[in-house]
Each structure stands twice: as structure tokens, then as C-alpha cells.
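The values are calculated or read from the model by the stated rules, or taken from the named source; none is laboratory data. Owing to the predicted nature of the structure, the values given are computational and were not obtained by experimental measurement. Cβ: placed from backbone, ideal geometry, glycine included. Neighbour counts: every protein chain shown.
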Amino acid sequence: MFKKILIANRGEIACRVIKTARRMGIKTVAVYSEADRDALHVEMADEAVFIGPPQAAESYLVMDKIVEACRQTGAEAVHPGYGFLSEREAFPRALAAAGVVFIGPNPDAIAAMGDKIESKKAAAKAKVSTVPGFLGVIEDDKHAVKIADEIGYPVMIKASAGGGGKGMRIAHSTAEVAEGFNLAKAEAKASFGDDRVFIEKFIVDPRHIEIQVLGDKHGNVIYLGERECSIQRRNQKVIEEAPSPLLDEATRRKMGEQAVALAKAVNYDSAGTVEFVAGQDKSFYFLEMNTRLQVEHPVTELVTGIDLVEQMIRVAAGEKLTLAQNDITLSGWAVESRVYAEDPFRNFLPSIGRLVKYRPPAESRSGDITVRNDTGVQEGGEISIYYDPMIAKLVTHAPSRAAAIEAQSNALDAFYVDGIRHNIPFLSALMNHPRWREGNLSTGFIAEEFPKGFAPRAPEGDVAVRIAAVGAAVDHVLGERKRRISGQMQGRAVFRERRRSVWLGRDEIQLEVGREGEGIVVRLVGADGKPGQPVQLLSNWKPGDPVWHGSIGGHPVAVQVRPMPNGFRLAYQGHEVPVQVYTETEAAAARLMPVVSATDTGKKVLCPMPGLVVSIAVAEGQEVKAGETLAVIEAMKMQNVLRAERDGTVKTIAATPGATLAVDALILEFA
């Protein structure tokens with residue numbers, strides 16, 4: 001077994017590999033760029049080597065620097081994580097030339113499977129059903145349009161060397177093919193150094209299901225069940241689960257056997273994933289193979305009890321698999337949410353900055369519920385413009401799908417992040433969406449259920465009542481603290497009015513609140529002015545705690561608490577609302593206050609995120625129509641097209657291609 005390995009990656013996956021290596025008694029070496037000098041993976045590793053500037057193309061993607069880091073530290077093997085160099089055929093060859101072992105598949109398997117075009121040819125040869133498409137060289141956008149017309153719309157344009165949603169576009173028309181082809185090529189070049197793309201038929205209402213395979217260097221290959229990854233946004237996975245609510249045992253076995261056959265055809269010898277697009281009727285077609293560890297591997301680990309990183313290391317060291325196919329059983333259900341540094345209320349635009357507070361739910365195993373958080377950041381760390389915006393992967397495991405979802409919902413409610421915008425409100429809303437809970441999924445789920453994007457929603461029904469009850473309880477505890485500080489609790493008792501008006505934004509909920517025994521009891525006031533049945537809230541919350549942990553009527557609840565002038569903001573199940581708790585007299589006065597409207601930015605086009613100006617598509621004095629492209633901004637390896645919201649004439653252009661802009665910086669202004 002290896003004594004020291006180097007992780008040629010960063011962020012949560014580097015930390016993940018370090019954890020397993022540490023458990024196995026293997027020393028670790030981290031590599032880092034200037035932007036990652038104070039990163040968590042650098043702190044966790046036994047050694048760390050500086051490899052260059054923040055740009056990945058000048059640091060993490062430079063093979064010679066990784067090889068030299070191995071030479072300096074004496075690392076015997078390299079784990080590539082995912083992304084970066086993980087699927088570059090030349091990387092394991094360069095390591096082998098230096099006498100270093102690659103913890104991943106052999107380079108011939110990477111060449112056959114890592115390239116999306118070649119993998120489809122190999123799959124067809126192995127008699128695996130494939131989606132109709134064109135796998136040859138596409139000369140230009142006109143050629144792309146001709147191919148798409150022949151295949152039939154909609155089509156998917158996809159980077160050959162791609163992954164993670166980068167370099168991928170869905171086109172429903174000739175115009176979208178031409179634009180999508182050029183954007184996909186540009187993203188593929190920036191992310192993977194390879195601008196080749198292919199085009200294939202896009203299956204309507206599909207589900208994304210993948211099979212985890214594991215092989216060794218002695219010809220043994222097994223599959224470890226499936227993962228459903230249908231909840232996607234912009235072709236990037238958001239939520240994953242194992243197993244899939246679609247599959248039955250017969251379909252699972254058929255998909256698994258095809259995945260194993262394909263892996264054996266290319267002598268695959270590590271952990272890898274065979275991805276399928278599946279119809280609602282359980283039909284399925286080969287999509288691609290990822291010759292690396294997947295982002296979503298934790299859900300497989302939790303339902304199988306198998307550490308995939310450990311298996312990769314053992315296989316790379318030449319050990320035989322100690323597991324046979326009959327040994328693989330799936331136990332319970334696991335759900336994973338990807339926590340990203342992006343603003344769901346601004347069309348998921350990337351957010352950068354310092355993590356002023358980072359308080360994830362504690363990792364735990366309580367009874368039959370497991371909470372796991374794979375992360376690569378810590379409080380005080382910085383989210384950079386240079387890399388993927390992932391903050392963490394929150395994973396829960398339970399005996400059933402419903403229990404795993406409920407545990408995930410509670411864990412998301414307790415996941416407290418301040419300093420940047422993040423997608424936790426969106427994830428929480430998804431966890432409580434009826435269609436998601438029913439398992440009625442497709443890759444179009446988010447587009448169909450949130451056609452106008454994700455916007456703040458006013459809480460309703462039981463959710464609104466729970467938020468109001470917690471607001472009243474928080475206010476009551478704050479009031480008790482104030483009275484203790486002022487000394488009012490000493491000597492004679494001070495009467496405190498029980499009736500309260502809790503405002504959730506501009507919505508009012510009338511209730512009575514007071515401490516009774518160990519808890520705080522709330523009674524909702526009906527339309528007749530009479531209080532209803534008592535509901536007990538139990539919690540150890542104290543002023544300053546970022547999360548109210550407790551129970552309402554015996555049901556566990558976690559609500560995030562953020563102070564604000566004259567109140568606080570409470571976040572629960574995807575809702576984040578300002579809360580004021582008034583006495584009846586105060587509420588009467590508050591109702592007379594005018595509503596303040598948001599400032600209108602007028603005719604200015606502002607940069608929606610910190611990013612690089614790739615291009616400006618208009619000129620001063622030019623007339624544009626609604627929907628026309630104005631500019632392209634690149635951030636976190638994604639190119640974002642800014643379009644005109646209405647017809648108008650460009651008055652001034654303030655930004656130039658190549659400029660780096662801050663959020664809300666002026667790009668152009670209309671007359």
C-alpha cells in the first residue's frame with residue numbers, strides 16, 4: 001500500500017480524499033494556487049505544494065507542476081478527484097513516465113471512454129443502445145445547423161471532453177443551434193482546453209440515471225447500483241439520490257449488466273460511472289461514461305456501505321476487488337443536495353466573497369438517520385471567481401426515501417451561511433415540492449416547475465404558522481433577556497401582555513404567547529378573536545444563536561435567525577421573510593406606515609455578478625429588440641448571456657471586452 005499520495009485537485013473533493021487516506025494511514029500532499037493559499041484542503045493535508053497563479057490553466061491544469069510536486073514530496077501516487085486533469089489521457093501517462101501511480105483508470109480506458117464521442121462509438125460496438133446523433137467533426141455553426149435539421153429538434157450540443165454541465169446547450173431551433181454551437185465551443189475551450197463538440201437527439205421528458213461501476217487490474221468489474229440525477233439546472237445536477245424511484249430490480253440489473261459489459265470492453269480498472277438517459281417507460285440509452293469519481297458518489301457510499309475512494313486507492317495499488325456482484329446490496333435511501341455560491345433570486349448568478357459565517361449542520365448518525373457534509377470551505381474562507389461555485393454536498397441517509405427527504409429538509413434548514421448568496425433557499429423549496437416528494441421526475445423538472453425562475457415566496461398555511469410561532473418564541477426569549485438585564489425580574493413581577501401580532505412581511509398572524517413550564521406555548525387567535533388550542537415549542541435557543549433548533553408540537557424544526565432593525569429574518573423550507581413581533585398597540589401604528597418600494601435602476605444594464613467581459617454585442621446608437629444579446633460575461637467557468645429586456649437604443653457603453661467587473665458595475669445604458 002502507498003505511504004504517501006498527492007491530490008491533484010482542490011475544494012471539497014480534495015478534502016474528501018484526504019479523509020479516507022488519513023483513515024487508511026496514508027500521508028497526503030495538497031497542491032494549491034495563489035487563490036487557495038489559505039484553503040481548507042491545504043490545512044488538512046500533511047504537506048502542501050504551491051503550483052502557481054489562480055487561473056486553473058496556469059496551476060491545477062499544468063501536468064508538469066503536478067509531476068514536479070510529486071518529485072519534491074516523494075508522493076507515490078496521485079488521486080485526481082474530478083474535473084481538472086482527472087480525464088486527461090496524457091496525465092496518467094506523464095505520471096507513469098515519472099514513476100508515479102495514477103489512482104484512476106488506465107489511459108487507454110480514458111481514451112476510449114473519457115472522450116464523449118469515442119465512448120459512444122465504443123458503446124455502439126458493445127451493443128449498448130445509444131441516442132441518435134452525429135459524432136464526427138463539426139466544421140462550423142452552419143454545419144451544426146445542417147446536422148440538427150437532419151436529426152430533428154430538439155438537439156443537445158455537448159462538449160466532447162466535457163462534464164458538469166460545461167460546454168452544453170439544448171437547441172430547439174436553427175437560431176439556437178448556431179448560437180449554442182459557438183457558446184458550447186467557447187465554454188469547452190475555457191473549461192477543458194478542447195473545443196470539440198457533438199450533437200445528438202434530446203430525449204423529451206427524460207430522466208438521468210447512472211450506474212456506478214468498479215473494476216480492478218485483474219479483470220473483475222462489478223456495479224454498485226444506480227443514482228438518479230434528474231433534478232438539473234442548466235444541465236448541471238442539483239440533487240441526486242440512490243436508488244432511483246423509477247427503476248425496478250429487473251431494469252436495474254439490465255442497466256448494471258450493460259454498464260459492466262461496456263467497462264470490460266475497455267479493460268476498465270477503477271471507479272467509473274456509466275450514464276444513461278431513461279424514458280418514463282424505463283427504456284434507456286447510453287449517454288456517456290465518466291472515467292473518474294463522480295461528484296455525487298456519497299449517495300452510493302451510503303446505500304452500499306462501500307468507500308469508493310478507498311476502493312480506488314486499493315485498486316491502484318494492485319489489489320484485487322474483495323467484493324463480488326452478489327455481495328452488493330442496497331440499504332435504505334440517500335439524498336444529496338449541492339450547495340452552491342449562487343443567488344437563486346437573481347437567476348442563479350454566481351456569488352463570490354468571504355464566508356462571514358459558515359455553520360453547516362453537524363455530521364451525525366442518530367438512530368437510522370445519517371447526516372454527512374462533504375465540504376472544502378470553512379468560516380472566514382473566500383469563494384473565488386476562478387473556480388466552481390460549489391460550497392458543499394449535504395447528504396442524508398434513512399431507511400426510506402420519504403425519511404431521507406425529511407432529514408435532508410431539516411438539515412438544509414439548519415445550514416447557515418452568511419457573507420455570500422447561496423442556493424439553500426432553492427434546495428429547501430425543492431425538498432418540500434410535492435412533485436419531488438412523489439418521485440415524478442425528469443431533467444426538465446426545474447424548468448417546468450419554476451418557468452419564471454425562483455422568486456421569494458410568501459409562506460402560507462402551516463408553514464406560515466410555524467414561522468410565526470418561532471418568531472413569537474424568539475421575541476419572547478429576547479424579551480426575557482432584556483428584563484433580566486434591566487433587573488425587572490427581581491422584586492415584584494412585571495405583567496407582560498400575551499397577545500402579539502406577528503408580521504411576516506406585510507402579512508399578519510395574531511397569536512398569544514407565553515412561557516409555560518420548560519417550553520413556550522403559542523395559541524393561534526382565530527377570526528373571532530379567541531385563542532385556539534395550545535401548541536408547545538421546546539428549544540434551547542438563546543440570543544445570538546444563528547439557528548433555532550427545537551420542536552413544534554413534537555415535530556423537529558430548524559429555523560435560521562438573522563437579526564435586522566426592529567426584528568429578524570427567519571428562513572425555513574425555502575422561505576426567508578422579515579419578521580416583526582408587535583403588541584396590539586404597536587401593530588396599530590405599524591399598519592399606518594407607508595410601504596417602501598425598491599429603487600428602479602432605470603435604463604442601465606448592470607453586471608449581475610463579478611466576472612470577465614467576454615464580448616459586447618452592440619454599439620452606441622444601435623437599436624436593439626427585446627431578447628437580443630447585449631454582452632457575454634464569464635464567471636466560475638460559465639459564460640452568461642445578457643439580453644435586452646425591452647426594445648431600445650444604446651446610449652453609452654461603459655465596459656470593454658477583457659475587463660473584469662464587480663457586481664452591479666455599469667455595462668451599458670439605454671437612451
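Out of curiosity, is Gly81 crowded, with 20+ Cβ neighbours inside 10 Å, outside the structural domain of Thr375 (by TED's automatic domain parsing) and either out of contact with any Asp or Glu (no Cβ under 7 Å at 6 or more places or on another chain) or farther than 23 Å from Gly193 by Cα (or both)? Outline the logic, then answer.
Values: crowded, with 20+ Cβ neighbours inside 10 Å: yes; outside the structural domain of Thr375 (by TED's automatic domain parsing): yes; either out of contact with any Asp or Glu (no Cβ under 7 Å at 6 or more places or on another chain) or farther than 23 Å from Gly193 by Cα (or both): yes.
Yes, satisfied.
Strands (runs of 3 or more DSSP E) wholly in segment 320-384 with at least 3 residues that are over 19 Å from Ile231 (Cα atoms) and in contact with a helix residue (DSSP H, G or I) (Cβ under 7 Å, 6 or more places away or on another chain) - which ones? Show your work before the answer.
On the way: elements: 333-340, 357-359, 364-366, 369-375.
Counting at least 3 such residues, we get 369-375.
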Conditions (1) buried (at least 17 other Cβ atoms within 10 Å of the Cβ); (2) closer than 19 Å to Asn640 by Cα: number failed by Leu394: (2)
Residue in segment 384-405 that is among the aromatic types (Phe, Trp, Tyr), out of contact with any Pro (no Cβ under 7 Å at 6 or more places or on another chain) and closer than 19 Å to Arg233 by Cβ present: yes
The lone exception for Ala458 - which of (1) out of contact with any Leu (no Cβ under 9 Å at 6 or more places or on another chain); (2) surrounded by fewer than 23 Cβ atoms within 10 Å (Cβ to Cβ); (3) of a type in the set (Gly, Ala, Ser) it fails: (1)
Index of the failed condition, Ile209 passing every other in (1) out of contact with any Ser or Thr (no Cβ under 9 Å at 6 or more places or on another chain); (2) within 27 Å of Pro243 (Cα to Cα): (1)
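Of everything in segment 465-510, what is of a type in the set (Asp, Glu) and either under 20 Å from Trp541 (Cα atoms) or modelled with pLDDT of 85 or more (or both)? Give them in sequence order.
Taking segment 465-510 first, the residues of a type in the set (Asp, Glu) are 475, 480, 497, 507-508.
Across segment 465-510, the qualifying residues are Asp475, Glu480, Asp507, Glu508.
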Tally of residues being surrounded by fewer than 19 Cβ atoms within 10 Å (Cβ to Cβ), in a loop (DSSP other than H, G, I, E, B) and touching a residue at least 60 places away in the same chain (Cβ under 8 Å) across segment 92-126: 1
Pairs, first more than 10 Å from Val221 (Cα to Cα) in segment 312-324, second assigned to a loop (DSSP other than H, G, I, E, B) and among the charged types (D, E, K, R), C-beta under 6 Å, six or more apart: Val315/Asp216; Lys320/Asp216
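Taking the condition closer than 30 Å to Gly81 by Cα and either in contact (Cβ under 8 Å) with a residue 40 or more places away in the chain or crowded, with 20+ Cβ neighbours inside 10 Å (or both), does Gly167 pass? Working first, answer last.
Working: closer than 30 Å to Gly81 by Cα: yes; either in contact (Cβ under 8 Å) with a residue 40 or more places away in the chain or crowded, with 20+ Cβ neighbours inside 10 Å (or both): yes.
Considered against the rule, which asks whether it is closer than 30 Å to Gly81 by Cα and either in contact (Cβ under 8 Å) with a residue 40 or more places away in the chain or crowded, with 20+ Cβ neighbours inside 10 Å (or both), Gly167 comes out as yes.
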Answer residue from segment 341-374, given it is of a type in the set (Phe, Trp, Tyr) and crowded, with 20+ Cβ neighbours inside 10 Å and is modelled with the lowest pLDDT among those: Phe348
Strands (runs of 3 or more DSSP E) fully within segment 560-671 counting 2 or more residues that are hydroxyl-bearing (Ser, Thr, Tyr) and either over 35 Å from the mean Cα position of the chain (by Cα) or more than 30 Å from Ile509 (Cβ to Cβ) (or both): 648-653
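Just checking, does segment 118-136 include any residue being polar (S, T, N, Q), touching a strand residue (DSSP E or B) at 6+ places or on another chain (Cβ under 7 Å) and farther than 30 Å from Leu6 by Cα?
Step one: filter segment 118-136 for residues polar (S, T, N, Q), giving 119, 129-130.
Of the ones still in play, those that are also touching a strand residue (DSSP E or B) at 6+ places or on another chain (Cβ under 7 Å) are 119, 129-130.
Keeping just the survivors that are farther than 30 Å from Leu6 by Cα gives 129-130.
Within segment 118-136, one or more residues are polar (S, T, N, Q), touching a strand residue (DSSP E or B) at 6+ places or on another chain (Cβ under 7 Å) and farther than 30 Å from Leu6 by Cα.
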